[in-house]
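Right, one structure below, let's go through it.
The values are calculated or read from the model by the stated rules, or taken from the named source; none is laboratory data. Just so it is clear, the structure is predicted and the values come from calculations on it, not from any experiment. Don't worry about glycine lacking a Cβ; one is built from the backbone with ideal geometry, like all the others, and counts go over all protein chains shown.
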Amino acid sequence: MGKAHIQIRKLTKTYGSGMALVRALDGVDLEIRAGEFTALAGPSGSGKTTLLNLIGCIASPSSGRIFFEGTDLTELTSRQKTEFRNHKIGFIFQDFNLVPVLSAYENVELPLQIKGGLSRGERDVAIREILERMGLGELLHRKPKELSGGQQQRVAIARALVKKPVLLLADEPTANLDSKTARDILELMRELNLALGTTCLFSTHDPMVMDFATRLVRLRDGQIDGGGLGE
């Protein structure tokens, strides 16, 4: 396995104040090495989604540091964080976050347009290939409301994978999928992980995802319960 890709030091995230203060994360120390296929497991409210959002620069920590390939993400400007997300990270959200007025094809095209660097023809090949592999080759022009929950999740996953990100973050990626589709998608993610060295970090309650992972990190009450540093 490669050198440390992500280094997290004393990471804390709180919400509210006074008697209403909630510690979503409480002094987390964690290292993720390049190319790891890691699952974050723990009960609801343990801090899994919060940790993913902080690593992905969607939210900012209350204190602590997050280093990505030596760069302190907590020191970046808003514009730099946006640039980092666009070029380095693929996201898979539990609630899909698809654009309702766009077709499956157009939703998957969005990150490629934002990232830039590909011609329209190159984008078309990449989009059709990933949607075909997701079993959506005949549903390119359907909008989210015309797709089932599982199909919407597959579009969301295709959108995350199409730009071949360095880091893939997934919040409960199999939550709305039947077991066969879930296994197919996990195998595709694992294939990407092995072929391109993509670092994958998932939050999950799904035993199948935990079984697929090469490393399991457990969280409880906002703290690492096992599998943190050097494990």
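When residue 178 is tested against the conditions (1) over 16 Å from the mean Cα position of the chain (by Cα); (2) under 30 Å from residue 14 (Cβ atoms); (3) free of Cβ contacts under 8 Å to residues at least 40 places away in the same chain, the lone failure is (2). Number of residues in the stretch 104-158 that are part of a helix (DSSP H, G or I), basic (Lys, Arg) and either surrounded by 16 or more Cβ atoms within 10 Å (Cβ to Cβ) or touching a residue at least 12 places away in the same chain (Cβ under 8 Å) (or both) equals 6. Of all residues in the stretch 193-220, those that are closer than 19 Å to residue 50 by Cβ have Cβ atoms under 7 Å from Cβ atoms of residues that are of a type in the set (Phe, Trp, Tyr) and part of a strand (DSSP E or B), 6 or more apart or on another chain, in 200/37; 209/202. Given the criteria of a type in the set (Lys, Arg), in contact (Cβ under 8 Å) with a residue 40 or more places away in the chain and either part of a helix (DSSP H, G or I) or in contact with a strand residue (DSSP E or B) (Cβ under 7 Å, 6 or more places away or on another chain) (or both), does residue 190 qualify? So residue 190 passes the test. Residues in the stretch 1-58 that are outside any strand (DSSP E or B), surrounded by fewer than 18 Cβ atoms within 10 Å (Cβ to Cβ), in contact with a strand residue (DSSP E or B) (Cβ under 7 Å, 6 or more places away or on another chain) and hydrophobic (A, V, I, L, M, F, W, C): 3 in all.
Among the residues of the stretch 56-97, the one identified as modelled with pLDDT of 95 or more and either closer than 21 Å to residue 172 by Cβ or basic (Lys, Arg) (or both) is 65.
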